[in-house]
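The values are calculated or read from the model by the stated rules, or taken from the named source; none is laboratory data. For clarity, every value in this text was computed on a predicted model and none was experimentally measured. Please note: Cβ atoms are built from the backbone with ideal geometry, for glycine as well, and neighbour counts cover all protein chains shown.
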Amino acid sequence: MDRTGRDILLKRLGDAMSAISEDCYCAGWLQGTEYMVPELCRRALSADCSMFWGHGKITVEQAKELTMLAEQLRSWADTDEESIGYNPFQPFPIPPEFLAAIDREQTIGQGGG
């Protein structure tokens, strides 16, 4: 893939991740989105069900779309220093504090919190 194609895919992935952050937290890019969204997508695909995040969720269909883009890029996305564009990002392994936050979100989303 040439640089232009990669830049287009990176923008698509970053914009999609940002839209999920906006839908779930009313934040264009909540701190930690670069870790949370990839892990929530991984879990949604593994469990074949939506994963809760904030006041929304990541559906299996969203997870499939984002994961497909990430696989084509061989990376996920993070905002750049100015928060106006995106840089390639490798989120795995996910830091423990983000894993704990995701686990809490699932408990709360399922009515346990």
Margin query: Checking ILE84 against (1) touching a Gly at 6+ places or on another chain (Cβ under 8 Å); (2) surrounded by fewer than 15 Cβ atoms within 10 Å (Cβ to Cβ), only one condition comes out false. Which one?
Written below: (1)
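Only one of TRP53, TRP29 is within 11 Å of the chain's Cα centre (by Cα), over 30 Å from THR4 (Cβ atoms) and at pLDDT below 95; which?
Selected residue: TRP53, the only one of TRP53, TRP29 that is within 11 Å of the chain's Cα centre (by Cα), over 30 Å from THR4 (Cβ atoms) and at pLDDT below 95.
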Margin query: When you check ARG12 against the structure, is it closer than 13 Å to GLU105 by Cα, over 9 Å from the mean Cα position of the chain (by Cα), assigned to a helix (DSSP H, G or I) and among the charged types (D, E, K, R), yes or no?
Written below: no
Notebook entry, point to check: Within segment 70-78, is there a residue that is touching a strand residue (DSSP E or B) at 6+ places or on another chain (Cβ under 8 Å), buried (at least 17 other Cβ atoms within 10 Å of the Cβ) and under 20 Å from GLN106 (Cβ atoms)?
Noted result: no
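Each row is one residue, and each column tells you yes or no for (1) acidic (Asp, Glu); (2) in contact with a Leu (Cβ under 8 Å, 6 or more places away or on another chain); (3) loosely packed, with under 11 Cβ neighbours inside 10 Å.
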| site | (1), (2), (3) |
| --- | --- |
| ILE58 | no, yes, no |
| LYS64 | no, yes, no |
| PHE89 | no, no, no |
| PRO93 | no, no, yes |
| ILE108 | no, no, no |
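Limited to segment 59-102, what total is found for residues that are acidic (Asp, Glu) and modelled with pLDDT under 95?
Residues that pass the stated criteria total 3.
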